[in-house]
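Undergrad: Take this structure, written in structure tokens, and hold onto it; I'll ask about it next.
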Amino acid sequence: MTRIATPRNDRAPVEPGIAVEVRGLVKHYGATKALDGVDLSVRQGTVLGVLGPNGAGKTTLVRVLSTLIKPDAGTAFVGGYDVLRQPKQLRRTIGLTGQYASVDEMLSGYENLYLIGRLLDLSSKEAKARATELLERFSLTEAARRTAKTYSGGMRRRLDLAASMIGRPKVLYLDEPTTGLDPRTRNEVWDEVQRMVAEGATVLLTTQYMEEAEQLADELTVIDKGKVIAAGQVADLKAQVGGRTLQVRPVRPAELPEMARCLGDGGIGGATFSADTGLLSVPITGDEQLTAVVGLLGTRGFGIAGIDTKTPSLDEVFLTITGKPATDAPADAVPTLAKEPAV
């Protein structure tokens with residue numbers, strides 16, 4: 001693939017409003033294609049959720065975009081900087097939280113954050129203030145002066161997340177950031193991510209928690225076997241799977257077959273029923289069709305005990321698109337960083 005020639009110290013001419021631009025990205029590990037021509041864009045000030053089973057290529061994508069490994073082909077720009085030609089400039093614009101906490105266990109929580117702040121060229125005063133602020137946000141104030149080796153796994157994870165945010169990065173990579181966290185801590189992480197986005201940061205989030213993706217992501221990209229197999233807003237992906245379903249509970253369950261025939265005769269197709277649940281299910285495309293279904297059943301004398309509408313869950317979308325459950329997949333077989341080429 002032809003690369004864009006750019007001056008080493010100048011930002012690349014990326015489309016305005018795009019924080020991350022990836023085109024034709026390829027990465028091999030022997031005969032395995034971890035990335036097989038990945039294309040994606042992340043708009044500034046938004047969250048892109050990257051979904052996929054383990055081994056799909058999500059972590060490899062993050063490693064390439066954070067300059068930890070080199071791609072074999074394709075182009076990638078982050079904040080206008082080329083991942084290959086301008087890695088030093090790019091690293092100053094990003095924050096990264098990997099799948100496993102990487103804090104210094106011999107330092108206290110406060111010392112970990114202060115040290116990173118100073119390495120990011122914050123003044124001593126700024127580093128102290130930012131460390132104190134993030135320790136409070138992640139409920140670590142009481143443990144601030146304890147060495148990190150005394151922290152629980154969840155506390156280390158929260159400290160690692162705080163460390164990735166201390167420099168207020170313009171682009172933040174979160175690679176399955178809430179794995180193993182309790183619901184309260186997970187909500188704290190979500191709140192902090194949303195706060196950073198509100199302040200202008202851009203986030204690329206890999207996750208297998210569908211609730212997390214739906215809570216945080218403006219748009220989704222689904223990767224499987226190193227390829228992008230679906231992309232769009234949550235509502236768009238749900239619409240591809242089947243949109244809304246009207247569920248009608250009749251007063252007399254024995255009338256379910258007759259109700260389905262009634263709708264078919266009235267030009268409303270696709271109605272199904274289940275004797276086990278006692279529900280009539282009708283795919284609908286809008287509120288007008290919902291009104292038509294209820295009106296037709298009412299005029300034909302069917303008693304309705306209750307109605308509800310259901311949209312596909314993101315888990316159902318994921319299963320339909322990939323053919324795999326979100327959290328039931330083979331372990332990632334990508335080699336460790338120690339075996340990967342240095343950048």
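Undergrad: Looking at (1) assigned to a helix (DSSP H, G or I); (2) at pLDDT 90 or above; (3) more than 18 Å from Gly17 (Cβ to Cβ), which one does Glu188 not meet, given that it meets all the others?
TA: The single condition Glu188 does not satisfy is (2).
Undergrad: Sticking with this structure for a sec: Which of the residues belonging to region 67-100 are closer than 19 Å to Val171 by Cα and of a type in the set (A, V, I, L, M)?
TA: The answer is Leu68, Ile69, Ala76, Val78, Val83, Leu84, Leu90, Ile94, Leu96.
Undergrad: Return the residues of region 202-213 that are outside any helix (DSSP H, G or I) and open to solvent by less than 10 Å² (accessible area, probe 1.4 Å); say none if nothing qualifies.
TA: Thr202, Val203, Leu204, Leu205, Thr206, Thr207, listed by residue number.
Undergrad: Continuing with the same structure: Please report, ordered by residue number, the strands (runs of 3 or more DSSP E) entirely within region 214-289 with at least 1 residues that are farther than 18 Å from Gly303 by Cα and of a type outside the set (Phe, Trp, Tyr). Don't jump to the end; show me each part of the working.
TA: On the way: elements: 219-224, 227-232, 244-250, 272-274, 279-284.
Those strands (runs of 3 or more DSSP E) span 219-224, 227-232, 244-250, 279-284.
Undergrad: If a residue has to be surrounded by fewer than 22 Cβ atoms within 10 Å (Cβ to Cβ), under 22 Å from the mean Cα position of the chain (by Cα) and basic (Lys, Arg) to count, how many in region 55-110 make the cut?
TA: So the count comes out to 1.
Undergrad: Looking for whichever is modelled with pLDDT of 85 or more and in contact with a Phe, Trp or Tyr (Cβ under 7 Å, 6 or more places away or on another chain) here; the options are Leu220, Leu263, Leu246, Leu204. Which one fits?
TA: Leu204
Undergrad: Got a number for residues in region 233-252 being farther than 14 Å from Thr311 by Cα and either open to solvent by 20 Å² or more (accessible area, probe 1.4 Å) or in contact (Cβ under 8 Å) with a residue 60 or more places away in the chain (or both)?
TA: Number satisfying all stated conditions: 4.
Undergrad: Please go through region 128-164 and pick out each residue that is hydrophobic (A, V, I, L, M, F, W, C) and under 18 Å from Asn187 (Cβ atoms). Can you show your working first?
TA: We begin by selecting, within region 128-164, every residue hydrophobic (A, V, I, L, M, F, W, C); these are 129, 131, 134-135, 138, 140, 143-144, 148, 155, 159, 161-163.
Selection gives Leu134, Leu135, Phe138, Leu140, Met155, Leu159, Leu161, Ala162.
Undergrad: From the list Gly154, Gly167, exactly one residue is open to solvent by less than 60 Å² (accessible area, probe 1.4 Å) and closer than 29 Å to Gly79 by Cβ. Which is it?
TA: One residue alone meets the criteria, Gly167.
Undergrad: So, one more: Within the set of pairs 6 or more residues apart or between chains, which connect a residue that is more than 16 Å from Leu204 (Cβ to Cβ) and of a type in the set (S, T, N, Q) inside region 68-83 to a residue that is at pLDDT 95 or above and open to solvent by 10 Å² or more (accessible area, probe 1.4 Å) with Cβ atoms less than 8 Å apart?
TA: Qualifying pairs under 8 Å: Thr75/Glu21; Thr75/Arg23; Thr75/Gly24.
Undergrad: Would you pick out the residues in region 18-54 that are among the hydrophobic types (A, V, I, L, M, F, W, C) and either without any contact (Cβ under 8 Å) to a residue 24 or more places away in the chain or open to solvent by 30 Å² or more (accessible area, probe 1.4 Å) (or both)? Let's see the steps before the verdict.
TA: Looking only at region 18-54, we keep the residues that are among the hydrophobic types (A, V, I, L, M, F, W, C), and these are 18-20, 22, 25-26, 31, 34-35, 38, 40, 42, 47-48, 50-51.
Across region 18-54, the qualifying residue is only Ala31.
Undergrad: When region 121-146 is examined, which residues are found to be buried (at least 17 other Cβ atoms within 10 Å of the Cβ) and at pLDDT 90 or above?
TA: Answer for region 121-146, where residues must be buried (at least 17 other Cβ atoms within 10 Å of the Cβ) and at pLDDT 90 or above: Leu122, Ala127, Arg130, Ala131, Leu134, Leu135, Leu140, Ala143, Ala144.
Undergrad: In addition: If Leu159 satisfies every condition in (1) buried (at least 21 other Cβ atoms within 10 Å of the Cβ); (2) farther than 26 Å from Leu216 by Cβ; (3) not charged (D, E, K, R) but one, which is the exception?
TA: (2)
The values are calculated or read from the model by the stated rules, or taken from the named source; none is laboratory data. For clarity, every value in this text was computed on a predicted model and none was experimentally measured. Here Cβ is always computed from backbone atoms with ideal geometry, including for glycine, and neighbour counts include all displayed protein chains. With ligands, DNA and RNA removed, areas are computed over all heavy atoms of the protein, side chains included. Shrake-Rupley method; radii C 1.70, N 1.55, O 1.52, S 1.80 Å.
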